[in-house]
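Quick one: the structure is below, and I'll ask about it shortly.
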Amino acid sequence: MMMGGGMGGWGGGGIGGGPMGHGQDRGKVFDARVLSRLWGYLREYKRRVIWAVFLLTVYSAMQIVGPYLLKVALDDYVVTKQDMVGLTVVSLAFLLSLVVSYGAQSNQTYTMAYVAQGVLAKMRGDLFKKVNALSLGFHDRNESGVTMSRIVNDVAVFQELLTQGVLHLFADCLTLVGMIVIMSSMSPKLALYAFSVLPIMVVATVVFSIFSRKAFLRTRETIGQVAAGFQENVSAVRVVQAFSREGVSENNFDEINKDNFKANLTALRIGASFQPVVEFTSMLARAIVLGFGAAGVISGDVTVGVVVAFLSYVTRFFEPIRELAGTYTLFQQAMAAGEKIFKLMDEPIEVADHPNAGTMTPIEGRVHFDHVYFGYSAEVPVLKDVEFVAEPGQSIALVGPTGAGKTSIAALLCRFYEVRGGAVRVDGIDIRDVTMASLRSQMGIVPQDPFLFSGTVADNIRFGRPEASMEEVVEAAKLANAHEFIARLSDGYDTVVYERGQNYSQGQRQLIALARVVLADPRILVLDEATASIDTRTEALIQAAIGRILGGRTSFVIAHRLSTIRNADIILVVDHGEIVQRGTHRELLGQEGMYKDLYLMQYRRERRAQGLPDVELATEAVY
Ligand SMILES: Nc1ncnc2c1ncn2[C@@H]1O[C@H](COP(=O)(O)OP(=O)(O)O)[C@@H](O)[C@H]1O
Ligand SMILES: [Mg+2]
C-alpha cells in the first residue's frame, strides 16, 4: 500500500555503472576536458601551485646533488689530496643539501595538501549546491547512493591526484632525467652498465602495475558492493526483520564480503611478490656498479668517488620508477572520477528560473490549471487536459484512486516539474514567469510521508521560518493540534528527532509537518493525504483545526477518507489523469459516478467497523 504512487520500473539514465557507481573506474589516462575543468578549480591556487613546483624542482635537484657531493668529497679531498678544510666544507654542503631537501619536501607536501583540500571542499560545495538545485525529476531517476558516491568517493580520488599525482609525475621525470644526465657525464661506460638493470626494472614495474591495477580495481568494485549491500540492508532492516530474512541477507552479505576479502588478498599478494623483485634488482644494480666500478678504479678508468656516487644514484633510481607506475593508475581513476563529477555538475536543470523571471508579489491565491498536460517522461502521459479554477480562499478537494494523478497535480502547482502542455497560473500569472523561490515561499505542502530533520521538534516546526519565536511555534502547534502530543514528550518541544524522524509515528510526523506549514503561513496550502495516518479521534480534532488552518487560504486537500472533505468548496474527482467529475459533496452524491460509489463504499465500511447494521442507505441519509 505504501508503494502507492510508485516509481516502479523507472530505469532512467543513471550516472555511472554498478553499485555506488564503482563499476567503471577505468578511464583514459589523460582527458583534456576533465583536466581543463580541474584547472578551473586550481586557478585560484595558482601561486601555491607554482611554489610547490619550485619546491619539487629543488627537491629533485637535491636528489641529484647529494651523491655528486659525495664524489667531490672523496675524489678531490680524500683520495688526491687530504684536505680537511675542503672536506669539511663539502660535508657541510652535503648536510645542507639534506636539510634543503627535507625542507622542500615537507613544505611541498603541505602546500599541495592545502591546495588539494581546498579543491576538495570547493568541489563538494559545488556538488551539494548542484544536487539541491536539480529538479525532482533527476532525483526520481537517480539512486541517492550513487549521487552520494560522487560527493564522497570520486572527489576524494581527485584530492589524491592532486597530492600525489600531478606534481610527482613532473618531479619523478625530472629526477630520472637529471640522474641519467649526470651519471652519463661522470662516466658513460659505468652509466651504461648501471642502466643495464633498467629494462628488468621497467618490465617488472609494468607487469606489476598491470596486475595490481586489476586487483586494485577489483578491491574498489567489491568495497563498493559491500557499502551498497550494507546501505540497503540498513535502510531495509524493518522489512528484513519483519519477514525473518536476516539469514538470507547475511548470506548475501557474506558472499560480497568474501569477494572483497579475496580481492584484497590478491592485491596484497601481488604487492608482496613485487617488493622482493625491487629489492633484488636494486641489489643487482649495486653489485654491477660495484664490480665494474672496482675494475674501472683498478684500471684507472673511473675514480672511487664516481663509484660511490653511482651506488648512491642507483638506489635512488627505483623510487621514481615505482611512483610513475602508481601515478598511471591514479590518473586513470581520476579521469574516470572526473568524468562522473563533471557530468553531475553539468546535469541540466529541467525546471529552472527563466533569465527574466520576475518575483511573485504577495498573492491572493487564485489558482488556474489551464488545460494542463503532464507526464514524468515524454512517453507516458500522467495528466490529460486538467482544467479548473480555485478562487482565493476556496478549498479544493482532490479524490480518486491511487495512481490517478492527485499528487502530480500538487507537484505541478509548486512547479516541482514542468507542465508539458497548458499552463498553471497563480493570480493570473503563469508560474513559469516568476522565480521558483518567490512562488514556493507562498505555498505550503504537507506531504503524505513528511520528512523530519535531525534536531529538535521545535527546530522542525521552525524549518520554514527559522526566526520564529517559541511562542509562535507553540501557537502553530496548537493550531495544528500537535501541541498535546508534543507536550507529553519527555522534553516537550526540545525532544530530539532522530534521522528522518524515525522515533515518531507517521501520524505524529504529519502533525509536526502540519505545524511547520502553519507557522510558515503560506497563502496556498496543499495537504497530500496529510491525515491519512492519523486515527479517527485525532482526525476529528484536526478536522476542527483544519477549518482554522485553512481559513482564508486557498487550499488543496487530497484525502483518502472522503468524510474529511465533505465541506470542500469544490471536489475534483481524478481518474487516470483526468478530471472525471466536479462539484460539491451534495452535488456529486446526487449523480451516479465514481464519487458516489467511493463514498457509499467507505460509508458502509465505517458503519460496519462501528458495529452498526449493514443498511442500504438513501443518498439523503448520508449527509
Ligand atoms: N516521480 C515519478 N516518476 C515517474 N512516474 C511517477 C512519479 N510519481 C508518480 N508517477 C506516476 O504517475 C501516476 C500518477 O501518480 P500520482 O500523482 O502520485 O498519483 P496519486 O497521488 O493520485 O496516487 C502514477 O501512474 C505513477 O506511477
Ligand atoms: Mg499521491
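The values are calculated or read from the model by the stated rules, or taken from the named source; none is laboratory data. What you are looking at is a predicted structure, and each value in this text was computed from that prediction instead of being measured. No Cβ is skipped: glycine too gets one built from the backbone with ideal geometry, and neighbour counts run over all protein chains shown.
For the structure I just gave you, tell me whether Phe388 is at pLDDT 90 or above and buried (at least 17 other Cβ atoms within 10 Å of the Cβ). Outline the logic, then answer.
Values: at pLDDT 90 or above: yes; buried (at least 17 other Cβ atoms within 10 Å of the Cβ): no.
Judged against the criteria, Phe388 is not a match.
Restricting the first residue to segment 188-210 and requiring it to be closer than 12 Å to Val278 by Cα, which pairs with a second residue that is among the aliphatic types (A, V, I, L, M) and surrounded by 15 or more Cβ atoms within 10 Å (Cβ to Cβ) meet a Cβ separation below 6 Å and a spacing of at least six or different chains?
Note: pairs meeting the criteria are Val197/Leu284; Val197/Ala285; Met201/Ile321; Ala204/Val277; Thr205/Ile321; Thr205/Ala325.
While we're on this one: Only one of these is on the phi < 0 side of the Ramachandran plot, touching a helix residue (DSSP H, G or I) at 6+ places or on another chain (Cβ under 7 Å), part of a loop (DSSP other than H, G, I, E, B) and within 16 Å of ligand 1 (Cβ to nearest atom): Val386, Val419. Name it. Talk me through it step by step, then tell me what you get.
Details: Val386 fails: part of a loop (DSSP other than H, G, I, E, B).
The match here is Val419.
Could I ask something else about it? Which one of these does Ser244 not meet: (1) at positive phi; (2) touching a residue at least 24 places away in the same chain (Cβ under 8 Å)?
(2)
Mind counting the residues in segment 584-601 that are without any contact (Cβ under 8 Å) to a residue 12 or more places away in the chain and assigned to a helix (DSSP H, G or I)?
Of all residues in segment 584-601, those without any contact (Cβ under 8 Å) to a residue 12 or more places away in the chain come to 587, 591-592, 597, 601.
Among the residues that remain, those that are also assigned to a helix (DSSP H, G or I) are: 587, 597, 601.
Of the residues in that region, 3 qualify.
Being in a helix (DSSP H, G or I) and hydrophobic (A, V, I, L, M, F, W, C) is the filter here, so list the residues in segment 337-355 that pass it. Walk me through how you get there before you give the answer.
Filtering segment 337-355 for residues in a helix (DSSP H, G or I) gives 337-346.
Passing the criteria: Ala337, Ile341, Phe342, Leu344, Met345.
Restricting attention to segment 359-367, does a residue exist that is surrounded by fewer than 20 Cβ atoms within 10 Å (Cβ to Cβ) and either within 16 Å of ligand 1 (Cβ to nearest atom) or at pLDDT below 85 (or both)? Walk me through it before giving the result.
The first filter runs over segment 359-367 and keeps only residues surrounded by fewer than 20 Cβ atoms within 10 Å (Cβ to Cβ), leaving 359, 361-362, 364, 366.
Then drop every residue that is not either within 16 Å of ligand 1 (Cβ to nearest atom) or at pLDDT below 85 (or both), which leaves none.
Checked against the condition, which is being surrounded by fewer than 20 Cβ atoms within 10 Å (Cβ to Cβ) and either within 16 Å of ligand 1 (Cβ to nearest atom) or at pLDDT below 85 (or both), segment 359-367 yields no hits at all.
Let me ask another. crowded, with 17+ Cβ neighbours inside 10 Å, touching a Leu at 6+ places or on another chain (Cβ under 7 Å), small (Gly, Ala, Ser) and touching a residue at least 12 places away in the same chain (Cβ under 8 Å), is that true of Gly293?
Numbers: crowded, with 17+ Cβ neighbours inside 10 Å: yes; touching a Leu at 6+ places or on another chain (Cβ under 7 Å): yes; small (Gly, Ala, Ser): yes; touching a residue at least 12 places away in the same chain (Cβ under 8 Å): yes.
It is true that Gly293 is crowded, with 17+ Cβ neighbours inside 10 Å, touching a Leu at 6+ places or on another chain (Cβ under 7 Å), small (Gly, Ala, Ser) and touching a residue at least 12 places away in the same chain (Cβ under 8 Å).
Would you kindly identify the helices (runs of 4 or more DSSP H) lying entirely within segment 100-174 that contain at least 2 residues that are exposed (fewer than 15 other Cβ atoms within 10 Å of the Cβ)? Spell out the reasoning first.
Details: elements: 136-141, 144-149, 155-160.
Filter on segment 100-174 gives 136-141.
Right, here's the next one. Given the options Leu589, Leu541, Leu527, name the one that is more than 16 Å from ligand 1 (Cβ to nearest atom) and at pLDDT 80 or above. Give the steps one after another, and end with the answer.
On the way: Leu541 fails: at pLDDT 80 or above; Leu527 fails: more than 16 Å from ligand 1 (Cβ to nearest atom).
One residue alone meets the criteria, Leu589.
Quickly run through segment 376-392 and pick out the residues that are touching a residue at least 12 places away in the same chain (Cβ under 8 Å), more than 16 Å from ligand 2 (Cβ to nearest atom) and out of contact with any strand residue (DSSP E or B) (no Cβ under 6 Å at 6 or more places or on another chain). Walk me through how you get there before you give the answer.
The initial filter retains those residues of segment 376-392 that are touching a residue at least 12 places away in the same chain (Cβ under 8 Å), namely 376, 378, 381-392.
From what's left, more than 16 Å from ligand 2 (Cβ to nearest atom): 378, 381, 384-385, 387-392.
Result: Ala378, Pro381, Glu391.
Testing Ala334 on (1) under 30 Å from Glu221 (Cα atoms); (2) not in a helix (DSSP H, G or I), one condition comes back false. Which one is that?
Unmet for Ala334, out of (1) under 30 Å from Glu221 (Cα atoms); (2) not in a helix (DSSP H, G or I): (2).
Hey, among Ile431, Ile396, Ile409, which residue is touching a residue at least 12 places away in the same chain (Cβ under 8 Å) and more than 16 Å from ligand 2 (Cβ to nearest atom)? Break it down into steps so the answer makes sense when it comes.
Details: Ile396 fails: more than 16 Å from ligand 2 (Cβ to nearest atom); Ile409 fails: more than 16 Å from ligand 2 (Cβ to nearest atom).
Criteria check complete, one pass: Ile431.
This table checks each residue for (1) of a type in the set (Phe, Trp, Tyr); (2) surrounded by 15 or more Cβ atoms within 10 Å (Cβ to Cβ); (3) touching a Lys or Arg at 6+ places or on another chain (Cβ under 9 Å); (4) assigned to a helix (DSSP H, G or I).
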site	(1), (2), (3), (4)
Ile445	no, yes, no, no
Phe453	yes, no, yes, no
Asn460	no, yes, yes, yes
Glu475	no, yes, no, yes
Lys478	no, yes, no, yes
Ala487	no, no, no, yes
Gln508	no, yes, no, yes
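On to the next question. Take Val372 and tell me if it is of a type in the set (Val, Ile, Thr), more than 23 Å from Ile549 (Cβ to Cβ) and either surrounded by fewer than 15 Cβ atoms within 10 Å (Cβ to Cβ) or away from ligand 1 (no atom under 16 Å from the Cβ) (or both).
Against the criterion (of a type in the set (Val, Ile, Thr), more than 23 Å from Ile549 (Cβ to Cβ) and either surrounded by fewer than 15 Cβ atoms within 10 Å (Cβ to Cβ) or away from ligand 1 (no atom under 16 Å from the Cβ) (or both)), Val372 does not qualify.
With the condition kept exactly as written, say whether any residue in segment 297-314 is farther than 30 Å from Thr80 by Cα and either assigned by TED's automatic domain parsing to the domain that holds Arg150 or not aromatic (Phe, Trp, Tyr) (or both).
Let us first name the residues in segment 297-314 that are farther than 30 Å from Thr80 by Cα, namely none.
Within segment 297-314 (the criterion being farther than 30 Å from Thr80 by Cα and either assigned by TED's automatic domain parsing to the domain that holds Arg150 or not aromatic (Phe, Trp, Tyr) (or both)), the answer is no, since none of the residues qualifies.
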